[in-house]
Protein chains: 2
Amino acid sequence: MGKLVIVGTLAFDAIETPFGKTDKILGGAATYIGLSASQFNVDAAIVSVVGGDFPQDYLNLLSSKNIDLSGVEIIEEGKTFFWSGRYHNDMNSRDTLVTELNTLADFKPVVPKDYQDAEIVMLGNLHPLVQLSVLEQMTQKPKLVILDTMNFWMDCALEDLHKVIKKVDVITINDEEARQLTKEYSLVVAARKIHEMGPKYVVIKKGEHGALLFHNGDVFYAPALPLEEVFDPTGAGDTFAGGFAGYLAKTDDVSFNNMKKAVIYGSALASFCVEKFGTVQMEKLTKENLHKRLLQFKDLTQFEIKLS
Amino acid sequence: MGKLVIVGTLAFDAIETPFGKTDKILGGAATYIGLSASQFNVDAAIVSVVGGDFPQDYLNLLSSKNIDLSGVEIIEEGKTFFWSGRYHNDMNSRDTLVTELNTLADFKPVVPKDYQDAEIVMLGNLHPLVQLSVLEQMTQKPKLVILDTMNFWMDCALEDLHKVIKKVDVITINDEEARQLTKEYSLVVAARKIHEMGPKYVVIKKGEHGALLFHNGDVFYAPALPLEEVFDPTGAGDTFAGGFAGYLAKTDDVSFNNMKKAVIYGSALASFCVEKFGTVQMEKLTKENLHKRLLQFKDLTQFEIKLS
C-alpha cells in the first residue's frame with residue numbers, strides 16, 4: 001500500500017438544482033477526493049486551508065475516515081473558501097453565482113513531513129503554482145502524480161498550467177477542457193496532444209457519458225452508470241479522481257491494466273456522489289454498497305464474444 | 001439461423017461535411033442495414049422501392065452480398081428517393097438541405113412470399129403505417145420485430161407511430177428522440193416509459209457516446225469506438241441496427257444476453273461506417289477487419305475486478 005497526498009480545497013458550497021437548494025454545506029475538491037479515497041483505507045493526508053468558521057464537525061468527519069489533517073492550516077481570523085452555483089435543467093451546465101476565495105487567496109500549502117515521501121500525489125483543482133509548490137516539497141519522486149484542473153486556469157494562468165502539466169503522470173480533465181487545451185475536437189487527437197505536453201496517462205471525463213483513459217495509443221472506457229436521476233453533480237469529478245487515486249494507492253500498482261480498474265472504481269464512486277446533495281452519500285457509503293455497484297458496472301459492460 | 005426481412009429506403013444521398021462533399025451516392029436505411037447484416041451471411045431480403053434512375057450497379061452490389069432483392073419494386077418512370085444534408089463542425093447535428101420523396105411517396109411494401117415467415121423483421125425508418133403494413137403481411141408471428149424511427153414521425157404522425165411501437169419487441173431510437181417521445185430527460189426513466197408503450201427491449205443510441213440496451217430493469221452499455229475523426233456519420237444508426245439484427249438472425253437467439261453481443265457487433269460495424277463517405281467502408285469490409293475491431297472493443301471495455 002502506498003501513501004496518498006491530496007491537495008485541494010476544503011470549502012463551503014451552496015448549490016441550486018432543479019430539485020432544490022442547499023444552505024452552506026461541506027464541499028471542496030479535497031473533501032470529495034478524500035471521502036472517495038477513504039473507501040480504500042489508505043494512508044491519506046489532505047493539504048489545504050480553512051478559516052476559523054470551518055466547523056470542527058467537518059474536520060471530525062474527515063478524521064473519522066482516517067484522513068490525516070495535519071496539513072490543513074486553520075486561519076482563525078479568516079473565512080473558508082465559498083462557492084455557490086446553480087445547475088441548469090440538463091445538469092450538464094451550471095452558472096457560478098458566488099466565488100469567495102477568502103483564506104484560499106494566500107494559500108501556501110505545506111506537505112506534512114510524514115507525507116513528503118508519499119507514493120501517490122493527487123493535485124486537486126487549484127492554481128497551477130500552488131499545485132507545483134506541493135510537488136517541490138516531495139523529498140522523493142512520487143510513483144504517480146495525478147493532476148486535476150479546469151478551464152478557469154486555461155483562461156487566466158495557461159503558462160503556469162503548462163508548467164505543472166509537464167510534471168505529472170496523469171491528468172484528469174473534462175471533454176470540453178481537453179478541447180480547449182488542445183484546440184482539437186476529436187478526443188483521440190486531443191489526448192495525443194496532451195500526452196505530448198507531458199502526462200503519459202490522460203483521463204477525459206465526459207460526465208453522464210463516462211470517462212476515457214488514454215495511454216500510449218491504447219484506450220479504455222469506463223461508462224457512467226445510467227441513473228434514474230442525477231440529483232447534484234457537484235463533486236462527481238473529484239470523487240472520480242479520489243477513487244482512481246485511492247485504488248492505485250491501495251494496490252500500489254500504477255500499470256495501465258490496473259488503471260483500468262481504478263477508473264471503474266472512480267466511476268462507481270462518482271455514481272453515488274450524484275445521488276444526493278453534497279457529500280451525503282459519500283459520508284455514509286459502505287463497502288457492501290460499493291461492491292454491489294461494482295457488480296452493476298460488470299453487468300453494464302461485460303460481454304463474451306468468441307472470435308473464431 | 002433465422003431469415004431477416006429489412007424494410008427501408010434505397011436512396012440517393014448527397015452529403016456535405018467539414019471534410020468535403022459528395023455527388024449523389026448510394027444511401028438509404030435499407031442499404032446500410034443490408035450491408036451491415038450481410039456480414040453475418042444470413043438469408044436477408046430488402047423490401048423497398050426505387051425509380052428507373054437507380055443504377056443497376058447499386059442493385060448488383062447488394063445482390064453480391066447475398067441480399068434478396070425480390071421485394072424491391074422498380075418504378076421505371078419514377079425517380080428514387082433523394083436526401084441531401086450538411087453536417088456541422090461537431091458532426092453531431094446536421095441540416096437537411098433537400099428531401100425528394102419521389103417513388104417513396106406512394107410506397108406500398110410487398111414482402112416476398114419466401115420471407116413472410118421470417119424470424120426477424122427489421123423495420124427501418126419510414127412512415128409508421130408503411131412499417132405496420134409490413135407486419136400485417138407476416139404469415140406467422142416473427143421471433144423478433146425491431147423498429148427504427150426518428151423525430152420527424154413524432155412531429156407529424158405520432159398516433160400512427162404509437163400503433164407500430166405497440167407491436168414491436170425492440171425499438172432503436174436516439175437519445176434526443178427518446179426524450180421527445182417520453183418528455184423525460186433521464187434516459188433510464190425514458191426507457192421505462194417506452195417499455196410501457198410496448199417494446200420489451202429499448203436501445204437508445206447516443207452517437208459518439210455509444211448505445212444503451214434496456215430490458216426489464218437491466219441495462220447494458222455498448223461504447224462507440226473513440227476515433228481519430230468521424231468523417232461522415234450518415235448511416236451509422238442504420239449500420240448499428242443492421243449489425244444488431246444480422247447477429248440475432250445468424251445466432252437465432254433473442255435473449256437479453258445475446259442482445260448484449262448484438263449491440264457490440266452493431267457498434268463495431270457502425271465504427272467502420274463513419275470512417276469514409278457513404279457506404280465505401282461497408283462495401284469492402286472483411287470478416288478479418290471486423291474481428292480485429294471486436295478485439296478493440298474488448299480492450300476498450302473489459303476489466304477484471306475481484307470482489308472479495
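Can you go through A:Asp53, A:Asp68 and tell me which one is buried (at least 21 other Cβ atoms within 10 Å of the Cβ) and either on the phi > 0 side of the Ramachandran plot or in contact (Cβ under 8 Å) with a residue 24 or more places away in the chain (or both)? Result: A:Asp68 is the single residue among A:Asp53, A:Asp68 that is buried (at least 21 other Cβ atoms within 10 Å of the Cβ) and either on the phi > 0 side of the Ramachandran plot or in contact (Cβ under 8 Å) with a residue 24 or more places away in the chain (or both). Only one of the numbered conditions (1) over 26 Å from A:Glu228 (Cα atoms); (2) more than 10 Å from every other protein chain (Cβ to nearest Cβ) is not met by B:Glu229, and that is (2). One residue alone among A:Val145, A:Val188, A:Val203, A:Val219 is among the β-branched types (Val, Ile, Thr), away from chain B (no Cβ under 14 Å) and at negative phi, and that residue is A:Val145.
The helices (runs of 4 or more DSSP H) found wholly in the range A:237-308 and carrying at least 2 residues that are surrounded by 24 or more Cβ atoms within 10 Å (Cβ to Cβ) and either in contact with a strand residue (DSSP E or B) (Cβ under 8 Å, 6 or more places away or on another chain) or within 11 Å of chain B (Cβ to nearest Cβ) (or both) occupy A:256-273. Exactly one residue out of A:Val47, A:Val110 is surrounded by fewer than 17 Cβ atoms within 10 Å (Cβ to Cβ), of a type in the set (Val, Ile, Thr) and under 16 Å from A:His127 (Cα atoms): that is A:Val110. Determine if the range B:215-231 includes at least one residue that is among the aliphatic types (A, V, I, L, M) and part of a helix (DSSP H, G or I). No, because not a single residue in the range B:215-231 is among the aliphatic types (A, V, I, L, M) and part of a helix (DSSP H, G or I). For the range A:167-185, the candidate set comprises residues that are within 13 Å of chain B (Cβ to nearest Cβ) and in contact with a helix residue (DSSP H, G or I) (Cβ under 8 Å, 6 or more places away or on another chain); within that set, the residue that is farthest from A:Asp155 (Cα to Cα) is A:Tyr185. When you look at B:Gly52, is it small (Gly, Ala, Ser) and under 17 Å from the mean Cα position of the chain (by Cα), yes or no? Judged against the criteria, B:Gly52 is not a match. Pairs linking a residue in the range A:157-177 that is modelled with pLDDT of 95 or more to a residue that is of a type in the set (D, E, K, R) and surrounded by fewer than 16 Cβ atoms within 10 Å (Cβ to Cβ), with Cβ atoms under 6 Å and 6 or more positions apart or on different chains, are A:Asp169/A:Lys200. Screening the range B:95-167 for helices (runs of 4 or more DSSP H) wholly inside it with 3 or more residues that are in contact with a strand residue (DSSP E or B) (Cβ under 7 Å, 6 or more places away or on another chain) returns the ranges B:128-136.
Output the residue which, of all residues in the range B:195-220 that are surrounded by 23 or more Cβ atoms within 10 Å (Cβ to Cβ) and free of Cβ contacts under 8 Å to residues at least 40 places away in the same chain, is nearest to the chain's Cα centre (by Cα). Result: B:Lys205. Would the range B:191-210 turn up any residue that is touching a Pro at 6+ places or on another chain (Cβ under 7 Å) and under 23 Å from B:Ala118 (Cα atoms)? So far as the range B:191-210 goes, no, none of its residues is touching a Pro at 6+ places or on another chain (Cβ under 7 Å) and under 23 Å from B:Ala118 (Cα atoms). With respect to being surrounded by 21 or more Cβ atoms within 10 Å (Cβ to Cβ) and touching a residue at least 40 places away in the same chain (Cβ under 8 Å), A:Phe82 falls outside the description.
Inspect the range A:78-91 for any residue being within 14 Å of chain B (Cβ to nearest Cβ), assigned to a loop (DSSP other than H, G, I, E, B), closer than 22 Å to A:Ala268 by Cα and modelled with pLDDT under 95 and give the result as yes or no.
Residues of the range A:78-91 that are within 14 Å of chain B (Cβ to nearest Cβ), as a first pass: A:87-91.
Remaining after also requiring assigned to a loop (DSSP other than H, G, I, E, B): A:88-91.
Remaining after also requiring closer than 22 Å to A:Ala268 by Cα: A:90-91.
This time we only want the ones that are modelled with pLDDT under 95, so: A:90-91.
There is at least one residue in the range A:78-91 that is within 14 Å of chain B (Cβ to nearest Cβ), assigned to a loop (DSSP other than H, G, I, E, B), closer than 22 Å to A:Ala268 by Cα and modelled with pLDDT under 95.
Might you check whether a residue that is under 20 Å from the mean Cα position of the chain (by Cα), crowded, with 16+ Cβ neighbours inside 10 Å and assigned to a loop (DSSP other than H, G, I, E, B) occurs anywhere in the range B:172-190? No, the range B:172-190 contains no residue that is under 20 Å from the mean Cα position of the chain (by Cα), crowded, with 16+ Cβ neighbours inside 10 Å and assigned to a loop (DSSP other than H, G, I, E, B).
Given the options A:Leu144, A:Leu123, name the one that is within 22 Å of A:Met282 (Cα to Cα) and either without any contact (Cβ under 8 Å) to a residue 60 or more places away in the chain or in contact with a helix residue (DSSP H, G or I) (Cβ under 9 Å, 6 or more places away or on another chain) (or both).
A:Leu123
The values are calculated or read from the model by the stated rules, or taken from the named source; none is laboratory data. All values reported here derive from a predicted model rather than from experimental measurement. Virtual Cβ from ideal backbone geometry, glycine too; neighbours counted across all protein chains shown.
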